[in-house]
Amino acid sequence: QVQLVESGGGLVQAGGSLRLSCLASGSIFSLNTVGWYRQVPGTSRELVATITSGGSTDYADSVKGRFTISRDNAKNTVYLQMNSLKPEDTAVYYCNAQIQASFFSSRRDYWGQGTQITVSS
């Protein structure tokens with residue numbers, strides 16, 4: 001069974017940094033595009049950054065130049081380095097991955113449980 005587990009959330013002062021990790025575990029034939037999303041209560045989930053299996057990245061305008069997404073394919077782990085954090089970055093951050101569990105299965109979308117990031121001013 002495939003699971004995504006996020007870690008690295010917490011409380012940080014404005015201007016500080018945090019690094020989130022998303023570990024994909026279980027039966028994984030291929031880990032394809034992975035994205036980080038965030039959600040503030042009462043609002044819709046927002047795409048923050050994505051990285052393809054080949055390493056191509058894309059970012060929301062609000063985080064460009066401050067956040068960096070990367071991956072370690074050997075560890076089935078994707079990271080989100082967040083620098084120069086602002087109070088408006090406060091949200092629950094979720095990892096999303098397109099995973100093919102076996103050679104015979106099709107790609108499916110998986111979500112992690114989310115990790116809270118709080119940036120104090």
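The values are calculated or read from the model by the stated rules, or taken from the named source; none is laboratory data. In this text, all values refer to a predicted model and were calculated from it rather than measured experimentally. Here Cβ is always computed from backbone atoms with ideal geometry, including for glycine, and neighbour counts include all displayed protein chains. Note: areas computed on protein heavy atoms with side chains; ligands, DNA, RNA excluded. Shrake-Rupley method; radii C 1.70, N 1.55, O 1.52, S 1.80 Å.
Any residue at all in region 78-87 that is surrounded by fewer than 16 Cβ atoms within 10 Å (Cβ to Cβ), more than 20 Å from residue 26 (Cα to Cα) and charged (D, E, K, R)? If you could, list the steps in order and put the result at the bottom.
The initial filter retains those residues of region 78-87 that are surrounded by fewer than 16 Cβ atoms within 10 Å (Cβ to Cβ), namely 81, 83-84, 86-87.
Narrowing the set further to residues that are more than 20 Å from residue 26 (Cα to Cα) leaves 81, 83-84, 86-87.
Remaining after also requiring charged (D, E, K, R): 86.
Scanning region 78-87 turns up at least one residue that is surrounded by fewer than 16 Cβ atoms within 10 Å (Cβ to Cβ), more than 20 Å from residue 26 (Cα to Cα) and charged (D, E, K, R).
Name the residue that is farthest from the chain's Cα centre (by Cα), counting only residues in region 68-77 that are surrounded by 13 or more Cβ atoms within 10 Å (Cβ to Cβ) and either under 22 Å from residue 26 (Cα atoms) or touching a residue at least 24 places away in the same chain (Cβ under 8 Å) (or both).
Let us first name the residues in region 68-77 that are surrounded by 13 or more Cβ atoms within 10 Å (Cβ to Cβ), namely 68-71, 76-77.
Now narrow it down to the ones that are either under 22 Å from residue 26 (Cα atoms) or touching a residue at least 24 places away in the same chain (Cβ under 8 Å) (or both): 69-71, 76-77.
On the way: 69: 8, 70: 10, 71: 10, 76: 13, 77: 10 Å.
If we take residues in region 68-77 being surrounded by 13 or more Cβ atoms within 10 Å (Cβ to Cβ) and either under 22 Å from residue 26 (Cα atoms) or touching a residue at least 24 places away in the same chain (Cβ under 8 Å) (or both), then 76 is farthest from the chain's Cα centre (by Cα).
For residue 90, indicate whether it is hydroxyl-bearing (Ser, Thr, Tyr), more than 13 Å from the chain's Cα centre (by Cα), surrounded by 14 or more Cβ atoms within 10 Å (Cβ to Cβ) and modelled with pLDDT of 95 or more. Full working, then the answer.
Details: hydroxyl-bearing (Ser, Thr, Tyr): yes; more than 13 Å from the chain's Cα centre (by Cα): yes; surrounded by 14 or more Cβ atoms within 10 Å (Cβ to Cβ): yes; modelled with pLDDT of 95 or more: yes.
Against the criterion (hydroxyl-bearing (Ser, Thr, Tyr), more than 13 Å from the chain's Cα centre (by Cα), surrounded by 14 or more Cβ atoms within 10 Å (Cβ to Cβ) and modelled with pLDDT of 95 or more), residue 90 qualifies.
Restricting attention to region 53-62, which residues are open to solvent by 50 Å² or more (accessible area, probe 1.4 Å) and not in a strand (DSSP E or B)?
Result: 53, 54, 56, 61, 62.
Restricted to region 24-51, and to residues that are in a loop (DSSP other than H, G, I, E, B) and under 19 Å from residue 101 (Cβ atoms), which residue is most open to solvent (accessible area, probe 1.4 Å)? Break it down into steps so the answer makes sense when it comes.
Applying the first criterion (in a loop (DSSP other than H, G, I, E, B)) to region 24-51 yields 26-29, 40-45.
Pick out the ones that are also under 19 Å from residue 101 (Cβ atoms) and you get 26-29.
Details: 26: 54, 27: 59, 28: 41, 29: 112 Å².
That would be 29.
Output the residue which, of all residues in region 9-23 that are in a strand (DSSP E or B) and hydrophobic (A, V, I, L, M, F, W, C), is surrounded by the most Cβ atoms within 10 Å (Cβ to Cβ).
Of region 9-23, the ones in a strand (DSSP E or B) are 10-13, 18-23.
Narrowing further to those that are hydrophobic (A, V, I, L, M, F, W, C): 11-12, 18, 20, 22-23.
Values: 11: 12, 12: 17, 18: 19, 20: 24, 22: 27, 23: 16.
Within region 9-23, the match that is surrounded by the most Cβ atoms within 10 Å (Cβ to Cβ) is 22.
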